[in-house]
Amino acid sequence: MAQSAPNHIESVSVDPVEMAHFAAMADDWWNPKGKFKPLHIMNGCRTGFIKDEICAHFMRVPDASLPLKGLRVLDVGCGGGLLCEPMARLGAHVTGVDALEKNVKIATTHALKSDLDIDYRYGTVEGLSDTPFDVVLNMEVLEHVTNPPQFIKDCAQMTRDGGMLFCSTLNRTAKAFTMAIFGAEYVMNWLPKGTHQYAKFIKPLELVRMLKDAGLNPASPQGMVYNPLGQSWKISDDTGVNYVVVAVKE
């Protein structure tokens, strides 16, 4: 990447304030006890969920050594590559795109050290010119963009006919404010203060409508619930805080 390139790309979906916030944390991506500790803890749950949903849709064997072999997966807002790497280990051809140049450099370096072939791009989803992907991941990104409906449409454009789009975000509820902002940022200090803005949280019905408007067929939202005693996440019917929606492009 040329040194003259900007630190982040101007885009209809990229919020410069959010980019500056994540730039300050970028060096901590692969520290399991650092600022991205919640994502490290969540990663096993969301990776397993994504794998099982993909295998069910594309009629793959979940317990195979490389169940996603041959599938093209795009991770939008890939950050340091926390989700790209397990997808690559499951056999997928993975492309990760991020609007923060520092994230892309960190992700690329870590993938090389891990002997993983991942195609990382410094850019935005609307700037891609690739053939649409089998699977597009939009995980824990929606609450940080400026125009979620347009962002969803751009992700849908990168999803092939018959392909899948995964979206996870935070519900706009008092419970989510208490746990994701007050608890995680001010009490537990898991995240730097200001990581989340309550006004940007999205209700499940709103996300379902965005997906339908983008020409997708969404399944019912499913919750992702954190167990503080076991420090683990699980898929649940409780969508009060974190939740995920899987949509298919018919």
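Can you find even one residue in the range 209-221 that is within 17 Å of the chain's Cα centre (by Cα), aliphatic (A, V, I, L, M) and within 20 Å of Ala180 (Cα to Cα)? There is no residue in the range 209-221 that is within 17 Å of the chain's Cα centre (by Cα), aliphatic (A, V, I, L, M) and within 20 Å of Ala180 (Cα to Cα). Taking the numbered list (1) surrounded by 17 or more Cβ atoms within 10 Å (Cβ to Cβ); (2) more than 17 Å from the chain's Cα centre (by Cα); (3) within 18 Å of Ala247 (Cβ to Cβ) in turn, Ala111 passes all entries but (3).
For the criterion of being at pLDDT below 90 and not basic (Lys, Arg), Ala219 fails. When you scan the range 201-210, do you find a residue that is of a type outside the set (Asp, Glu) and at pLDDT below 95, even just one? Yes, some residue in the range 201-210 is of a type outside the set (Asp, Glu) and at pLDDT below 95. Against the list (1) over 25 Å from Val94 (Cα atoms); (2) at pLDDT 85 or above, the condition Leu191 fails is (2).
Could you list, in sequence order, all residues of the range 126-141 that are modelled with pLDDT of 95 or more and of a type in the set (A, V, I, L, M, F, W, C)? Correct list: Leu128, Phe133, Val135, Val136, Leu137, Met139.
With respect to the stated conditions, Asp75 is crowded, with 22+ Cβ neighbours inside 10 Å, touching a Leu at 6+ places or on another chain (Cβ under 6 Å), closer than 24 Å to Gln197 by Cβ and in contact (Cβ under 8 Å) with a residue 12 or more places away in the chain. Taken over the range 145-171, the residue count meeting the criterion of being within 12 Å of Phe133 (Cα to Cα) and either touching a Gly at 6+ places or on another chain (Cβ under 7 Å) or acidic (Asp, Glu) (or both) is 2.
The values are calculated or read from the model by the stated rules, or taken from the named source; none is laboratory data. Just so it is clear, the structure is predicted and the values come from calculations on it, not from any experiment. Positions of Cβ are backbone-derived with ideal geometry, glycine not excepted, and every protein chain shown enters the neighbour counts.
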